[in-house]
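Chemist: Dumping the structure here so I can ask a few things about it.
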Amino acid sequence: MPLAIFALALAAFCIGSTEFIISGILLPVAHDLGVSVPTAGLLVTGYAAGVAVGGPILGLLTTRIPLKPAIIGVMLIFALGQLLCAFAPSYELLLAARLVPACGHGVFFGVASLAVAQSVPPERRGAALSLFVGGITVANILGLPAGTAIGNAYGWRVAFVCIAVMAVLSVVAVAFTLPGKSSGEEEADAPLAVQARQLRHQEVWLSYLAIAIIMVGQLAFGTFQVAILVNVTGLDPVNGVPFYLLIGGAGAVTGIWLGGRLADWRTGPAIMIIIVGQIVSFALLLFAVRSPILVAPMLFLGSLFGFGLSTPMQMRVLNGARAAPRLASTLVSTAYNVGIAAGAFLGASLLDAGLDYALLPACGVICSAIAGIVGIVSLRLPQTSETTQFA
């Protein structure tokens, strides 16, 4: 694989770390800023809402900017946003500070996914995208546990400073390894009317819908997974929780690898297999969450199927919107973060209403089942001529 893909994976690691880190430092943030745990969980909702709204707007404004300067510019803004978070004196200002990197999040994954896809032959795009998205899984297997450990040991603000430093390193790596404008970038310059028509393909918008629904269930549980592991499973927040998060991260890495291989096979069946796996893993988690022994493999499987979905979905969207690759990829992040925002809000609302933490995995069962129905409908509808071979 080209070195540029590894550099972009490092940048993805930074972005994934800052999005997920709140779940790991939720308890110290809530205590330090004087808010409840469900209220602190809304920091995930606020970030995701910033991605969902700011990503498409910024994406349209930067559609004529070549990929390399767009990626570098977004990552510099991202690094600044981490420092603003580190020094935010109140909950309200921390929420506002997280909106700065959030707006560039969707744009980054839109332009970086396109850069990755253009760096390799078509038959290797699934593997290349899985390696790139692997930066997010490494954020789970290393970034989230490490950030949790750092936040608990040295203060949650230090975790944001560490992410800022890594973001600057990723800028240097991208600057030295990513080529300038490639011959394929003219696809991103198609007129907006043409791009909009691409988004009307059912493979594209139904994929967005399925992604959003799935993420509602995943984040209703995932936002509060550390609180669940402490309050329900009974783990020690310093010596126990990071190890279990590491197990979940290992599942995420495995899922990304498996999802990339399945995407290079057939995206439609791959998506359905993964969704069924999500339903089963969340159902089993309902029974395993109170056991320190049983919850570990369930966290592994939940992350495996959760992250395994990303590459097949990305491939299906890109194949269905070939004349609008940058906008379509940016809206993938929007779809994910609409679901993330709604899921974190749903989880907080259910907890505020008195729901037991242990019942939150039920949201994953229900939402994954609904997304599975959407997937079946999409596969049964007529495919566009551009995507039939990938269905």
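The values are calculated or read from the model by the stated rules, or taken from the named source; none is laboratory data. From a predicted model like this one, the values you see are computed outputs, not experimental measurements. Using ideal geometry, Cβ is built from the backbone for each residue, glycine included, and neighbour counts are taken over all protein chains shown. We work out accessible area using only protein heavy atoms, side chains counted, and drop any ligands, DNA or RNA first. Shrake-Rupley method; radii C 1.70, N 1.55, O 1.52, S 1.80 Å.
Chemist: Look through 283, 270 and report the one residue that is closer than 27 Å to residue 135 by Cβ and not polar (S, T, N, Q).
Modeler: Details: 283 fails: closer than 27 Å to residue 135 by Cβ.
The conditions single out 270.
Chemist: So, in the stretch 287-317, how many residues would count as being out of contact with any Lys or Arg (no Cβ under 8 Å at 6 or more places or on another chain) and either at positive phi or of a type in the set (A, V, I, L, M, F, W, C) (or both)?
Modeler: Within the stretch 287-317, the first condition is being out of contact with any Lys or Arg (no Cβ under 8 Å at 6 or more places or on another chain), and the residues that meet it are 287-314, 316-317.
Remaining after also requiring either at positive phi or of a type in the set (A, V, I, L, M, F, W, C) (or both): 287-289, 293-296, 298-301, 304-305, 307, 309, 313, 317.
Summing the residues that are out of contact with any Lys or Arg (no Cβ under 8 Å at 6 or more places or on another chain) and either at positive phi or of a type in the set (A, V, I, L, M, F, W, C) (or both) in the stretch 287-317 gives 17.
Chemist: Still on this structure: Quick check, is residue 219 over 18 Å from the mean Cα position of the chain (by Cα), in a helix (DSSP H, G or I) and modelled with pLDDT under 90? Talk me through it step by step, then tell me what you get.
Modeler: On the way: over 18 Å from the mean Cα position of the chain (by Cα): no; in a helix (DSSP H, G or I): yes; modelled with pLDDT under 90: yes.
Considered against the rule, which asks whether it is over 18 Å from the mean Cα position of the chain (by Cα), in a helix (DSSP H, G or I) and modelled with pLDDT under 90, residue 219 comes out as no.
Chemist: Quick one: would you say residue 60 is open to solvent by 10 Å² or more (accessible area, probe 1.4 Å), modelled with pLDDT under 80, part of a helix (DSSP H, G or I) and in contact with a helix residue (DSSP H, G or I) (Cβ under 9 Å, 6 or more places away or on another chain)? First the steps, then the outcome.
Modeler: Values: open to solvent by 10 Å² or more (accessible area, probe 1.4 Å): yes; modelled with pLDDT under 80: yes; part of a helix (DSSP H, G or I): yes; in contact with a helix residue (DSSP H, G or I) (Cβ under 9 Å, 6 or more places away or on another chain): yes.
Here the answer is yes, as residue 60 does meet what is asked.
Chemist: Something else about it: I'd like to know if the stretch 90-103 contains one or more residues that are open to solvent by 20 Å² or more (accessible area, probe 1.4 Å), outside any helix (DSSP H, G or I) and of a type in the set (Phe, Trp, Tyr).
Modeler: Here is the first cut: in the stretch 90-103, the ones open to solvent by 20 Å² or more (accessible area, probe 1.4 Å) are 90-93, 95-96, 99-100, 103.
Okay, now just the ones that are also outside any helix (DSSP H, G or I), so 90.
Among the residues that remain, those that are also of a type in the set (Phe, Trp, Tyr) are: none.
No, the stretch 90-103 has no match at all.
Chemist: Hey, another quick one. Mind listing whichever residues of the stretch 150-172 are open to solvent by less than 50 Å² (accessible area, probe 1.4 Å) and touching a Phe, Trp or Tyr at 6+ places or on another chain (Cβ under 8 Å)?
Modeler: 167, 170
Chemist: Just the residues that are in contact with a Pro (Cβ under 8 Å, 6 or more places away or on another chain) and open to solvent by 10 Å² or more (accessible area, probe 1.4 Å), please, taken from the stretch 248-270. Break it down stepwise before answering.
Modeler: Taking the stretch 248-270 as the starting set, the residues that turn out to be in contact with a Pro (Cβ under 8 Å, 6 or more places away or on another chain) are 249, 259, 262-263, 267, 270.
Listed by number, the list holds a single entry, 262.
Chemist: So which residues in the stretch 205-225 are open to solvent by 10 Å² or more (accessible area, probe 1.4 Å) and closer than 22 Å to residue 307 by Cβ? Show your work before the answer.
Modeler: If we filter the stretch 205-225 for residues that are open to solvent by 10 Å² or more (accessible area, probe 1.4 Å), which is where we start, we get 205-206, 208-209, 212-213, 215-216, 218-219, 221-222, 225.
Selection gives 206, 208, 209, 212, 213, 215, 216, 218, 219, 221, 222, 225.
Chemist: Also, I was wondering about something else. Just checking, how many residues over the stretch 279-333 are over 20 Å from the mean Cα position of the chain (by Cα), assigned to a helix (DSSP H, G or I) and farther than 30 Å from residue 200 by Cβ?
Modeler: Final tally of qualifying residues: 10.
Chemist: I've got another one for you. Would you mind stating whether residue 8 is out of contact with any Lys or Arg (no Cβ under 7 Å at 6 or more places or on another chain), part of a helix (DSSP H, G or I) and open to solvent by less than 10 Å² (accessible area, probe 1.4 Å)? Quick ask: steps written out before the conclusion?
Modeler: Numbers: out of contact with any Lys or Arg (no Cβ under 7 Å at 6 or more places or on another chain): yes; part of a helix (DSSP H, G or I): yes; open to solvent by less than 10 Å² (accessible area, probe 1.4 Å): yes.
So residue 8 passes the test.
Chemist: Determine which single condition residue 234 fails, assuming it passes every other condition in (1) of a type outside the set (Ser, Thr, Tyr); (2) at negative phi; (3) surrounded by fewer than 19 Cβ atoms within 10 Å (Cβ to Cβ).
Modeler: Only one criterion in (1) of a type outside the set (Ser, Thr, Tyr); (2) at negative phi; (3) surrounded by fewer than 19 Cβ atoms within 10 Å (Cβ to Cβ) is unmet by residue 234, namely (2).
Chemist: Sticking with this one: Is it true that residue 261 is among the charged types (D, E, K, R) and either under 20 Å from residue 216 (Cα atoms) or not in a helix (DSSP H, G or I) (or both)? Walk me through how you get there before you give the answer.
Modeler: Details: among the charged types (D, E, K, R): yes; either under 20 Å from residue 216 (Cα atoms) or not in a helix (DSSP H, G or I) (or both): no.
Considered against the rule, which asks whether it is among the charged types (D, E, K, R) and either under 20 Å from residue 216 (Cα atoms) or not in a helix (DSSP H, G or I) (or both), residue 261 comes out as no.
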